[in-house]
1. Of all residues in the stretch 18-53 being touching a Lys or Arg at 6+ places or on another chain (Cβ under 6 Å) and at pLDDT 95 or above, which is surrounded by the fewest Cβ atoms within 10 Å (Cβ to Cβ)?
2. Taking only pairs six or more apart or across chains, which ones have beta-carbon atoms under 6 Å, a first residue in the stretch 86-103 that is in contact (Cβ under 8 Å) with a residue 60 or more places away in the chain and in a helix (DSSP H, G or I), and a second residue that is buried (at least 22 other Cβ atoms within 10 Å of the Cβ) and of a type in the set (S, T, N, Q)?
3. For ILE142, indicate whether it is at pLDDT below 95, surrounded by 22 or more Cβ atoms within 10 Å (Cβ to Cβ) and either out of contact with any strand residue (DSSP E or B) (no Cβ under 8 Å at 6 or more places or on another chain) or within 20 Å of ILE168 (Cβ to Cβ) (or both).
4. Please state which of the following conditions THR157 fails to meet, knowing it meets all the rest: (1) surrounded by 13 or more Cβ atoms within 10 Å (Cβ to Cβ); (2) under 18 Å from the mean Cα position of the chain (by Cα).
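The values are calculated or read from the model by the stated rules, or taken from the named source; none is laboratory data. Predicted model only: the values in this text are computed from it and were never measured. Cβ coordinates were reconstructed from backbone atoms using ideal geometry, including for glycine residues, and neighbour counts include every protein chain displayed.
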Amino acid sequence: MNKGAGYLTWLRSKDTVIINILEQQGELAARATATLLDLSMTVSTNLDESKLHQSQIRDFERDGNQLVRKLFTIVDETFVTPLDREDISRISKAIEKILNNTQRVADNIILFNIGKLSSDMLELVTVLKDVSMKVSESISRIRKLKKASVIIEQGTTISKYEDQADAIYRKAISALFRANDAIEILRSKEIYDFLRRAITRCVELNELLEDIALKYA
């Protein structure tokens with residue numbers, strides 16, 4: 001094999017590594033939100049199991065941080081990247097924020113001894129899990145951006161999740177303040193806020209992926 005062909009093969013291998021890391025980050029976020037749902041379903045009946053789920057989410061968040069550092073090191077050492085460096089950074093940081101907010105929700109549920117989650121809170125956890133799964137699928141499709149029209153088409157579905165989450169959030173906060181329980185307001189509102197932020201981060205990430213798909217289509 002000539003030197004030119006060998007260099008191109010090396011470049012393609014770097015592309016694969018970078019996309020692989022982004023996919024791994026997306027998968028971690030999806031697994032973390034699924035585990036958050038498991039935690040939410042068991043916290044009122046099995047606190048030890050819920051704490052195990054909390055530990056798993058912390059592990060996902062820690063692994064995500066390690067992937068971010070690894071990704072930035074590889075990008076810094078790579079002359080030609082599969083996407084613009086800024087786009088790679090924005091995708092990676094957006095996923096990191098989803099993981100961070102998911103961990104904050106899990107930690108607060110345990111720390112504040114929430115017990116059985118309200119139906120609204122459980123609905124938001126479910127929406128977060130569903131939307132993060134969809135976004136993880138979108139991330140996996142940036143490997144073949146020429147055929148990534150499904151990312152754009154999926155934007156409508158993702159927007160519906162955002163609308164659903166906003167409606168649930170407004171209803172939950174209204175009910176919370178009507179209850180006139182200062183402690184419950186302090187405990188629950190912070191969890192609702194982190195859930196809403198995590199869902200918003202998922203929506204924003206998919207919008208970013210849509211922009212990238214249009215740019216490279």
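1. Applying the filter and picking the extreme gives LEU37.
2. Between residues of the stretch 86-103 that are in contact (Cβ under 8 Å) with a residue 60 or more places away in the chain and in a helix (DSSP H, G or I) and residues that are buried (at least 22 other Cβ atoms within 10 Å of the Cβ) and of a type in the set (S, T, N, Q), the close pairs are ILE95/GLN25; THR102/THR33.
3. yes
4. With respect to (1) surrounded by 13 or more Cβ atoms within 10 Å (Cβ to Cβ); (2) under 18 Å from the mean Cα position of the chain (by Cα), THR157 is out only on (1).
Condition check ((1) in contact with a strand residue (DSSP E or B) (Cβ under 6 Å, 6 or more places away or on another chain); (2) part of a helix (DSSP H, G or I); (3) within 22 Å of ILE199 (Cα to Cα); (4) in contact (Cβ under 8 Å) with a residue 60 or more places away in the chain) across all residues:
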| site | (1), (2), (3), (4) |
| --- | --- |
| LEU28 | no, yes, yes, yes |
| ASP38 | no, yes, yes, no |
| LEU52 | no, yes, no, no |
| ASP63 | no, yes, yes, no |
| LEU67 | no, yes, yes, no |
